[in-house]
Amino acid sequence: MLDLSPRRTAVLSFIRDRVVGHGQPPTLAEIAEACGLATRGAARKHVLALAEAGLIEVTAGQARGIRPVGMRARTNLLRVPVLGRVAAGPPIGADAGLVDTLTLDARLFSSVPDYLLRVQGDSMIEDGILDGDLVGVKRTPEARDGQVVVARLDGELTIKRLSRTVDALRLLPRNPAYAPIKVEAGQDFAVEGVFCGLVRRG
């Protein structure tokens, strides 16, 4: 067993955790930040020492070319931006600035999402969409009756089940504590996208 310093052990653990948990290796900048190193150069020294010890492999010329020996990044991965919040309750103001970017398994989604929104509220619990979930959204202005959509109503975002009939357009909650939202003639309404899966982070 190699005798690694606490700092070098922390670097190795961080690299392993990122490959297993995120599906891709970290950059030198991410290693430096996570492990309390002052510079990328300091991170590089630890990485090269771990490579010389045979614990990691380094692919030259790749920003994410660092991984533990014998481990490979998972395939079928997506990098998806997190763009603010969406209401599962009364609509809330849109704040769709970039919050984060996550690397996720494509198999979590029925189609490839363009972005994720964090759910705020409990109006969709009967569809398994809970407060705090990250919902995948496929950007489209069109949706079928019965689809779960992210809709913009008078400048605010909400996630609901779409109901289209001959004489009415409604946004249906999936929690009996909430009333349907009827879209009135003249209201500013648009479908922003359709729900295509979710991520629940513990």
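Roughly how big is the stretch 78-202's charge dipole about its Cα centre, with Cβ charges of +1 (Lys, Arg) and -1 (Asp, Glu), in debye to the nearest 20?
It works out to roughly 320 debye.
Enter the angle in degrees (range 0 to 90, nearest 10) between the Cα long axis of helix 40-52 and the first principal axis of the Cα atoms of the chain, meaning the one along which they spread out most.
Taking Cα atoms only, the helix is inclined about 60 degrees.
Treating cross-link reach as a plain straight distance, find the lysines whose alpha-carbon is under 27 Å from the alpha-carbon of K182, omitting any fewer than eight places away in the same chain.
Correct list for K182: K138, K160.
With 10 angstrom as the radius, rank T165, T59 by how many other C-beta atoms surround their C-beta, starting from the fewest.
Exposure proxy ranking, most exposed first: T165, T59.
Considering Cα pairs under 8 angstrom that are at least six residues apart, work out the relative contact order of the chain and quote it in whole percent.
Here the relative contact order equals 16 percent.
Compare the Cα positions of T101, G136, A87 along the charge dipole of the chain (+1 at Cβ of Lys, Arg; -1 at Cβ of Asp, Glu; about the Cα centre) and return the one farthest towards the positive end.
T101
Can you give me the convex hull volume of the Cα atoms of the chain, divided per residue and expressed in Å³?
About 145 Å³ per residue, rounded to a whole number.
Taken together, the values in this text are just the output of simple stated rules run on the coordinates, not laboratory data. None of these values were measured; they are calculated from a predicted model. Note: ideal-geometry Cβ built from the backbone for every residue, glycine included; neighbour counts use all protein chains shown.
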